[in-house]
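Each reported figure results from applying straightforward, stated rules to the coordinates on display, with no laboratory input. Computed from a prediction, not measured in an experiment: that's the story for all the values here. Here Cβ is always computed from backbone atoms with ideal geometry, including for glycine, and neighbour counts include all displayed protein chains.
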Amino acid sequence: MRINNKRIHKINEQPIRSGSIVYWMSRDQRVDDNWALLYAEELALNRDLFVVFNLVPTFSQATLRQYSFMLEGLKEVAEVLKQNNIPFHIYTGDPAENIPEFIEEVNCGALVTDFDPLKIKRKWQNEVKRKIDIAFYEVDTHNIVPCRESSQKQEYAAYTIRPKINNLLPEFLEEFPEIEKQKKVHIPEIDWESLYEQLEVDYTVKPIDWLTPGSTAAYKNLQEFIETKIEKYPEQSNDPNQYAISNMSPYLHFGQISAQRIALEIEKADVSKEAREAYLEQLIIRKELTDNYCFYNKDYDSPAGFPDWAKKTIKEHRNDEREHVYTLKEFENAETHDRLWNAAQKEMLKTGKMHNYMRMYWAKKILEWTNSAEEAFDIALYLNDKYELDGRDPNGYGGVAWSVGGVHDRAWKERDIFGKIRYMSYSGCERKFDVDEYVARFL
Ligand SMILES: Cc1cc2nc3c(=O)[nH]c(=O)nc-3n(C[C@H](O)[C@H](O)[C@H](O)COP(=O)(O)OP(=O)(O)OC[C@H]3O[C@@H](n4cnc5c(N)ncnc54)[C@H](O)[C@@H]3O)c2cc1C
């Protein structure tokens, strides 16, 4: 077996039957460095192998911006699968209908999919499970250390998951085998135009042009980051004027590159220990912590998921007077009194990617300028998911819950509105970076 079986989770009790093998690609939209596809290929020895993707025409707050990034990336998936003689099918509509139908059509004996901690994906998976009578496997090819392996419970914070992940990294941070070319079969054509036409999304949020979608572009972006920016990462990644960050999050979100590939390339490169450790802390520990949060906390998408100390302090400060209160529309249109906040909002509107440091400030100010933490949570998540290229991700739920609800954080000195939730201020930003320069760029 080329794949560590701890990455594989059997979803049902059904046996592998005769017939083809299908990989239902969902979160991890790439051909190379994909353990789920590799496992499907392994099962398909002397059988036909198919890859299927189900496109839901509307998904959370996703707009044309995110859908186009995804579809353009899927075009590359189709091309690379074709080079390997693997038929790729895309269906639109409800996966609970389409996947079982496809299984029938290709006389499938076992189904493989990729791991995703989000509720909607788990719901689809359960619906499909109920309708099929063949073996159904889930492979965690998103996390380096599989989410079910790193911990069996919700972790309190980075410091509690870090030793668990670090202990298991030597076992899981390994090179990927290459996918093998299959025997020649008919490869269906995909009508991309018709897929775009079937979307039911907000077309006013336009695609961006500063970041090219797809696995090849993701790899190129990574190499550029390693060559030109990673050494600045420890010192400058918190300065939104420096852009000493990797911009890998949209690629990671759509699975166009694997975090494991990024970590392997950084391990191989001539990178200082300090830069490597600072970057891998974010890429591995912080990122895998949010998968842990979403997988083990069913309330990850609401303030009910906040820790008890945070719920208590928020409740105690519920009636504190707010100097400024804004509506969703005012936030959305960047119409607050704070030019730094407005600039951050504009950065997100225009580029689809707000700098990490500004995301924290941005979400915390929404808490300060709304009447309740519930409202703040909803507004922050709504805007995040509508405009960020990397939105609707466990990192988004984790990031908003950290900012507004103290998730993965600790109690701080008590103050108005925030209670013991960590506070961030305009003057604090002025001490950290040139606010004028940032504001001038986006306002
Ligand atoms: C309010 C708020 C909302 C957020 N929403 C999202 C979101 O929707 N999608 C998303 O992917 N990230 C989100 N984040 C986390 C973080 O801001 C982004 O991952 C980061 O800005 C992505 O840019 P980058 O790839 O250039 O980051 P880099 O600094 O280059 O980091 C590399 C990778 O490490 C991981 N990473 C970095 N920072 C964090 C973090 N704080 N938590 C978890 N993983 C991290 C990401 O996978 C990132 O791509 C949010 C954070 C906050 C505070």
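Numbers below:
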read-out	value
Label-point gap, in nm, between Ala278 and His324 - each point 7 angstrom along Cα→Cβ	3.0 nm
Fraction of beta bridges assigned by DSSP in the chain that are antiparallel (%, nearest 5)	15 percent
Neighbour-limited loop hits for GluC sites (Glu not before Pro), region 1-100 (at most 16 other Cβ within 10 Å; DSSP other than H, G, I, E, B)	Glu13
Under-5 Å amide H pairs with Phe115, H placed in peptide plane, nonlocal only	Val139, Asp140, Thr141, His142
Nearest 10 degrees, 0 to 90: helix 394-405 Cα axis against the chain principal axis	20 degrees
Trypsin sites (Lys or Arg not before Pro) within region 163-201: DSSP coil, no more than 16 neighbouring Cβ in 10 Å	Lys181, Lys183, Lys184
Nearest-ten-degree value, helix 215-228 long axis tilted from longest Cα axis of the chain	50 degrees
Kirkwood hydrodynamic radius of region 5-142, Cα pairs, Å	15.1 Å
Highest-MSF residue in the chain out of Arg339, Arg322, Arg431 [GNM, Cα springs under 10 Å]	Arg431
The chain: equivalent-ellipsoid semi-axes (sqrt of 5 x gyration tensor eigenvalues, Cα, Å)	38, 23, 22
For the chain, with +1 on Lys and Arg beta carbons and -1 on Asp and Glu, the positive-most of Ala278, Leu381, Ala310 along the dipole	Ala310
Contour minus Cα-Cα distance for Ser427 and Glu178 (0.36 nm per residue)	84.5 nm
Degrees separating the helix 158-172 axis from the principal Cα axis of the chain, which is the longest one	30 degrees
Contour minus Cα-Cα distance for Arg410 and Tyr243 (0.36 nm per residue)	57.3 nm
Residue-count net charge about Phe172 - beta-carbon cut-off 9 Å; Lys, Arg +1, Asp, Glu -1	-1
Spatially proximal lysines relative to Lys164 (Cα-Cα < 20 Å; intrachain offsets below 8 disregarded)	Lys6, Lys153, Lys287
Net charge dipole size for region 303-442 [Lys, Arg +1 and Asp, Glu -1 on Cβ; Debye, nearest 20]	340 debye
Highest-MSF residue in the chain out of Arg359, Arg286, Arg122 [GNM, Cα springs under 10 Å]	Arg122
Charge dipole (debye, nearest 20) of the chain; +1 at Cβ of Lys and Arg, -1 at Cβ of Asp and Glu	960 debye
